[in-house]
């Protein structure tokens, strides 16, 4: 029996997906990319009989972490972030609560409930995806690295389209195709999809070279 369930909230003006990871045993609850509405996140945790203990960031952008301070004030204990994001968070005032991660590190939330952190640079230098086994099978929480039928921008400070290509085709290319992709925004008609399905339909996963990918990803925005 898998000991981790995942709940999804859509919050804020940018259609962010915020995920609550609820272990079956123990008293911890992790929030992935806590943005926009600390009250809604707290209420969702209360509805399953928990308080928020852990905050996990896929990257440093404000829409994915602008509820961190409020949730820390409400009792959250720690913020898990890839180490390469540290320079971008220096002015937040809460880096003393950060647990800095390297690729391959694991966050243990309780018996049988854990996240494996996978560094996936491209959108930002320290972007990460989070692999887990859930009560609905294997899942990967991709933040702004991989969307349903899209991928994250690489034209913002710290973005790197060549790194994004190697992330999508190399790092995520090694992930089992039955894994559910749980993205950071509601940018498609479907909120999730199997990775194998995305390999067939996502235009960013169909290029034969880094140059082709970079040319497409960095085309002028309309």
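Among residues of the range 65-78 that are over 13 Å from residue 96 (Cα atoms), none has a beta-carbon under 7 Å from a residue that is surrounded by 15 or more Cβ atoms within 10 Å (Cβ to Cβ) and at pLDDT below 95 at least six positions away or on a different chain. Kindly check whether there is at least one residue in the range 65-87 that is part of a loop (DSSP other than H, G, I, E, B), under 14 Å from the mean Cα position of the chain (by Cα) and surrounded by 15 or more Cβ atoms within 10 Å (Cβ to Cβ). Looking for residues that are part of a loop (DSSP other than H, G, I, E, B), under 14 Å from the mean Cα position of the chain (by Cα) and surrounded by 15 or more Cβ atoms within 10 Å (Cβ to Cβ), one finds at least one in the range 65-87, hence yes.
Can you find a residue in the range 178-197 that is touching a helix residue (DSSP H, G or I) at 6+ places or on another chain (Cβ under 7 Å) and more than 22 Å from residue 32 (Cβ to Cβ)? Please lay out each step first, then the result.
Within the range 178-197, the subset touching a helix residue (DSSP H, G or I) at 6+ places or on another chain (Cβ under 7 Å) is 178-179, 181, 184.
Then keep just the ones that are more than 22 Å from residue 32 (Cβ to Cβ); that gives none.
Taking every residue of the range 178-197 in turn, none turns out to be touching a helix residue (DSSP H, G or I) at 6+ places or on another chain (Cβ under 7 Å) and more than 22 Å from residue 32 (Cβ to Cβ).
Being in contact with a helix residue (DSSP H, G or I) (Cβ under 7 Å, 6 or more places away or on another chain) and exposed (fewer than 15 other Cβ atoms within 10 Å of the Cβ) is the filter; apply it to the range 95-110 and report the residue that is nearest to residue 38 (Cα to Cα). Among those residues, the one meeting the criterion is 95.
Quick one: would you say residue 54 is free of Cβ contacts under 8 Å to residues at least 60 places away in the same chain, out of contact with any helix residue (DSSP H, G or I) (no Cβ under 9 Å at 6 or more places or on another chain), closer than 24 Å to residue 124 by Cα and surrounded by 19 or more Cβ atoms within 10 Å (Cβ to Cβ)?
Values: free of Cβ contacts under 8 Å to residues at least 60 places away in the same chain: yes; out of contact with any helix residue (DSSP H, G or I) (no Cβ under 9 Å at 6 or more places or on another chain): yes; closer than 24 Å to residue 124 by Cα: yes; surrounded by 19 or more Cβ atoms within 10 Å (Cβ to Cβ): yes.
Judged against the criteria, residue 54 is a match.
One line per residue, one yes/no per condition, for (1) crowded, with 18+ Cβ neighbours inside 10 Å; (2) over 25 Å from residue 57 (Cα atoms):
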{"residue": "182", "(1), (2)": "yes, no"}
{"residue": "185", "(1), (2)": "yes, no"}
{"residue": "198", "(1), (2)": "yes, no"}
{"residue": "204", "(1), (2)": "yes, no"}
{"residue": "207", "(1), (2)": "no, yes"}
{"residue": "213", "(1), (2)": "yes, yes"}
{"residue": "221", "(1), (2)": "no, yes"}
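Report whether or not residue 117 is surrounded by 15 or more Cβ atoms within 10 Å (Cβ to Cβ), in contact (Cβ under 8 Å) with a residue 12 or more places away in the chain and within 16 Å of the chain's Cα centre (by Cα). Yes, satisfied. Consider residue 155 carefully, then state whether it is within 20 Å of residue 89 (Cα to Cα), surrounded by fewer than 24 Cβ atoms within 10 Å (Cβ to Cβ) and touching a residue at least 12 places away in the same chain (Cβ under 8 Å). The answer is yes for residue 155.
All of (1) in contact with a strand residue (DSSP E or B) (Cβ under 9 Å, 6 or more places away or on another chain); (2) over 27 Å from residue 190 (Cα atoms) hold for residue 75 with one exception: (1).
The values are calculated or read from the model by the stated rules, or taken from the named source; none is laboratory data. Note that this is a predicted model, so its numbers are computed, not measured. Here the Cβ is made from the backbone with ideal geometry for all residues, glycine too, and neighbour counts use every protein chain on show.
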